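One structure is given below, encoded as structure tokens.
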Amino acid sequence: MERLLPADPSVIGGYRLAGRLGAGGMGVVYLARSPHGAWCALKVIRAEYADDPGFRARFRREAELAARLTGRWTVPVLGADAEAREPWLATAYVPGPSLAEAVALHGPWPEAQVRGLGSALAEALDGVHTAGLVHRDVKPANVLLAVDGPRLIDFGIARAVGATALTTDGSVVGSPGYLSPEQARGRTVGPSSDVFSLGCVLARTATGRPPFGTGGAAAVLYRTVHKEPDLDGLPEGLDGIVRRCLAKQPESRPGPRELVDVFGEFAPERWLPEGLPALVAARAARVLDLPVPEPTMLSGPAPADPADAPPSPTRRRLLVAGAALGVSAAGGAGAWWRWGRGTASPSDGSTRRTRQVIALLGSPDDAFHQNQVRGARLAVEQHNKDAGRTVDLVLRTADDRGTAAGAAAAAARLAADPAVSVVIATGGNTTAPATLPPCTEARLTVLITRADTEELNSANTTTGLVLRITRTTGPPAVLRYLNRAVRPARTVIVNDLATATASLSAVRITTTYGKLDSKTVVEDVAADADFTAVARRIAVRPEDAVLFAGVRPDRAAACARALRDAGHRGVRVAGEHVLAAPFLAVGEDWRVGAGYTDAGADPRTRAFAAAFRARHGQPPGPWAAEAYDAVRFAAQGLTALGDDERSTLRAVLLRHPWQGITRRVGFDSVGQFFQVQEDTGEFLYRVTDGTARFVTRSDDIDAKT
């Protein structure tokens, strides 16, 4: 448990907060005292997630259903408010470790204790399903251990906030390794999905290993759907029933009541393995001995003059920071606490304007960053020429040194600067994810233009918005090219294990999710192997299409060379990461999908290209137009923001889709991932004479392409 932050409230719905039990992208879980003195876990959902009326309706329904649960192995709901600015739910507090922590600290459990655990959790699931709920996130971290038995937590609300659903773009925001195959495929799930997850939990508890291995989410999900579980070391008495729980087909799995019959009635005596009762008792004593929490903010009668009112939690936090910097809350500081928004109020009656700083974070040594700086500068200058504007934009640049550590440090400096309103992260998959933790802590919005790693698919950030399709969906432009223009009888997916996690993203999209209309075959190539043998097998059917699923240009070049030498004549495609000198030298006639346009060749960006040349004396390079759009997207959000604090900008940007010159930007209202739709900013290139030449936009691909 952590101490309350200065920005945390003292009381929510009559519950006095004592500390933080955890925090994530969706909100914070507090330890609190109920009005009657009982300890409880109070989950608060951030306001920006509650802007969608549909969310509140789901939250309300799930809270009402969860309140019906009266089983002994689930925690009772003590109170909830779906209409609060930040909706909250309070449940009884279980002062014990999670099953995940217990297995990590003490290792696998004996068969007798696993049976007791299985019986109790199966009984809990039976009650959950009877109440009309599907848990959808049964995992060791959601099982708490008490002296008298386990408790299943986080039912219902996980579904309400979209934390365990498979998003429509193929990105998983739940718990890979415990999701059922149907959940991993994005299909409708029912009670049998929870049984599969329970089987994973029991296997992990009995063997100490997750049954579908570890690694990246794509790899784990692929094994969940296509491979058999690893149950080596599972006691013989558990093997049969756990395997039935882990059946690929939902109808082949047992129901919770059958599981209770198989495992037997739960016996509270010695249900925990040796060593764990002491841990559970120590945790309980540490929490139950806490004093009644004191207020974290001033309380008392409301002052008559608003100027005498105690500062809001956000303002109080800033005043504390200001004191640390030697800034007074009065006098020269002025409106410093309003995130540095200087206000221009000319006496001639013209429009009142606020000043908003946009920081571009990237490396000066990165040519793509320099392209983005130029595109962003043009957007800022054009915006500031509008006489009717209510916001003046200021562009700043920050150096991330091209490393994750440099990006994290630079982001922390920007997050600590109240004058910065939004950060645009221009770097790739190494640096962009590192900007999120410090900005999430400060509630500073980060717009990501170029990176496409799976790490960015998670909704567990309150600040990041990815302004493009990520690698989770595969390379959409080449998938559309194969489906609409080529229509091969068969496509061979070359799975380069030198970049296994990245490659599996494309493998999963083309196989598990069936995004290719043709028959597909996967050819694995070991990290230390060349492509000669694979190319020879492929060349036996020379008209087959080939999709290179790796991301290293040198490996793509080796694959292209091997296919050429083997006599393959079919269409060959890849994603944008291969576009570098080694591949371009040998990748003649390959089609490549990319997330950036050639603004000079794209008919829809010609006006931008002309303005760019006039301003900078050269044509726009890759990602310049995308950065131009990022600034304009941020500007419309900052304009709508008005005098609100910067922490609410992300919620403003999420509310309405926006059309730029490169793509339509829109986000799912619950999962908050970039929505895959028409005009999503994917572009097709063809390698000719050592150069990648623009062909068309993804949504314009047809049989004539």
Which residue out of A601, A609, A630 is within 20 Å of the chain's Cα centre (by Cα), closer than 25 Å to V373 by Cβ and small (G, A, S)?
-> A630
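When you check E588 against the structure, is it charged (D, E, K, R), closer than 20 Å to G428 by Cα and at pLDDT 95 or above, yes or no? Steps first, please.
Details: charged (D, E, K, R): yes; closer than 20 Å to G428 by Cα: no; at pLDDT 95 or above: yes.
The answer is no for E588.
Residue-wise test of (1) under 14 Å from the mean Cα position of the chain (by Cα); (2) assigned by TED's automatic domain parsing to the domain that holds A376; (3) under 14 Å from F673 (Cα atoms).
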{"residue": "D399", "(1), (2), (3)": "no, yes, no"}
{"residue": "G402", "(1), (2), (3)": "no, yes, no"}
{"residue": "A407", "(1), (2), (3)": "no, yes, no"}
{"residue": "R413", "(1), (2), (3)": "no, yes, no"}
{"residue": "L444", "(1), (2), (3)": "no, yes, no"}
{"residue": "L456", "(1), (2), (3)": "yes, yes, yes"}
{"residue": "L482", "(1), (2), (3)": "no, no, no"}
Return yes when F263 is surrounded by 13 or more Cβ atoms within 10 Å (Cβ to Cβ), more than 26 Å from the chain's Cα centre (by Cα) and of a type outside the set (A, V, I, L, M) and no when it is not.
-> yes
In the range 93-120, residue surrounded by the most Cβ atoms within 10 Å (Cβ to Cβ) [restricted to those that are of a type in the set (A, V, I, L, M) and more than 17 Å from T207 (Cβ to Cβ)] | A120
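Please go through the range 3-37 and give me each residue that is of a type outside the set (A, V, I, L, M), crowded, with 19+ Cβ neighbours inside 10 Å and either in a strand (DSSP E or B) or modelled with pLDDT of 80 or more (or both), ordered by number.
In the first step, residues of the range 3-37 are kept if they are of a type outside the set (A, V, I, L, M); the result is 3, 6, 8-10, 13-16, 19-20, 22, 24-25, 27, 30, 33-37.
From what's left, crowded, with 19+ Cβ neighbours inside 10 Å: 15-16, 25, 27, 30, 33.
Result: Y15, R16, G27, Y30, R33.
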Given (1) surrounded by 12 or more Cβ atoms within 10 Å (Cβ to Cβ); (2) at pLDDT 90 or above, number of the condition E251 does not satisfy | (1)
Return a yes/no flag: does the range 55-73 have any residue that is touching a residue at least 40 places away in the same chain (Cβ under 8 Å), of a type in the set (V, I, T) and either out of contact with any Gly (no Cβ under 7 Å at 6 or more places or on another chain) or not assigned by TED's automatic domain parsing to the domain that holds T648 (or both).
-> yes
Is at least one residue of the range 201-223 assigned by TED's automatic domain parsing to the domain that holds H106, of a type in the set (S, T, Y), out of contact with any Gly (no Cβ under 8 Å at 6 or more places or on another chain) and assigned to a helix (DSSP H, G or I)?
-> yes
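Here's the yes/no breakdown for (1) at pLDDT 95 or above; (2) out of contact with any strand residue (DSSP E or B) (no Cβ under 7 Å at 6 or more places or on another chain); (3) over 27 Å from G428 (Cα atoms):
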residue: V522; (1), (2), (3): no, no, yes
residue: D528; (1), (2), (3): no, yes, no
residue: L547; (1), (2), (3): yes, no, no
residue: G550; (1), (2), (3): no, no, no
Just to be sure, is P229 in the same structural domain as S119 (by TED's automatic domain parsing), crowded, with 17+ Cβ neighbours inside 10 Å and in contact with a Ser or Thr (Cβ under 9 Å, 6 or more places away or on another chain)?
-> no
Could you grab me the full set of residues in the range 399-415 that are surrounded by fewer than 24 Cβ atoms within 10 Å (Cβ to Cβ), touching a helix residue (DSSP H, G or I) at 6+ places or on another chain (Cβ under 7 Å) and not charged (D, E, K, R)?
-> A404, A408, A412, A415
Out of (1) modelled with pLDDT of 85 or more; (2) among the charged types (D, E, K, R); (3) more than 17 Å from the chain's Cα centre (by Cα), what's the single condition that is false for R185?
-> (1)
Can you tell me which residue among R72, R115, R61 is basic (K, R), under 25 Å from the mean Cα position of the chain (by Cα) and not in a strand (DSSP E or B)?
-> R61
Name the residues in the range 550-582 that are touching a residue at least 40 places away in the same chain (Cβ under 8 Å) and not aliphatic (A, V, I, L, M), would you?
-> G550, R552, R555, C559, G570, G575, E576, H577
All conditions in (1) buried (at least 21 other Cβ atoms within 10 Å of the Cβ); (2) without any contact (Cβ under 8 Å) to a residue 24 or more places away in the chain are true of P150 except (2)
Subset of the range 495-519 that is in a loop (DSSP other than H, G, I, E, B) and within 29 Å of the chain's Cα centre (by Cα) - its residue that is surrounded by the fewest Cβ atoms within 10 Å (Cβ to Cβ) = G514
Before we move on, is A206 at pLDDT 70 or above, at negative phi and aliphatic (A, V, I, L, M)?
-> yes
Counted residues, the range 563-587 - those being surrounded by fewer than 24 Cβ atoms within 10 Å (Cβ to Cβ), over 15 Å from L482 (Cα atoms) and in contact with a Lys or Arg (Cβ under 8 Å, 6 or more places away or on another chain) | 3
Check on P418, closer than 29 Å to T224 by Cα, in contact with a Gly (Cβ under 8 Å, 6 or more places away or on another chain) and not small (G, A, S) | no
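Here's the yes/no breakdown for (1) closer than 22 Å to R487 by Cβ; (2) of a type in the set (A, V, I, L, M, F, W, C); (3) part of a helix (DSSP H, G or I):
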site: V521; (1), (2), (3): yes, yes, no
site: D528; (1), (2), (3): no, no, no
site: A535; (1), (2), (3): no, yes, yes
site: V546; (1), (2), (3): yes, yes, no
site: D554; (1), (2), (3): no, no, yes
Could you tell me which residue of the range 652-666 is modelled with the highest pLDDT, considering only residues that are buried (at least 21 other Cβ atoms within 10 Å of the Cβ) and not in a loop (DSSP other than H, G, I, E, B)?
-> V665
In the range 76-92, what residues are part of a loop (DSSP other than H, G, I, E, B) and either buried (at least 22 other Cβ atoms within 10 Å of the Cβ) or without any contact (Cβ under 8 Å) to a residue 40 or more places away in the chain (or both)?
-> P76, A82, E83, R85, P87
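The values are calculated or read from the model by the stated rules, or taken from the named source; none is laboratory data. The shown structure was predicted, so the numbers you read here are calculated from the model rather than taken from an experiment. Please note: Cβ atoms are built from the backbone with ideal geometry, for glycine as well, and neighbour counts cover all protein chains shown.
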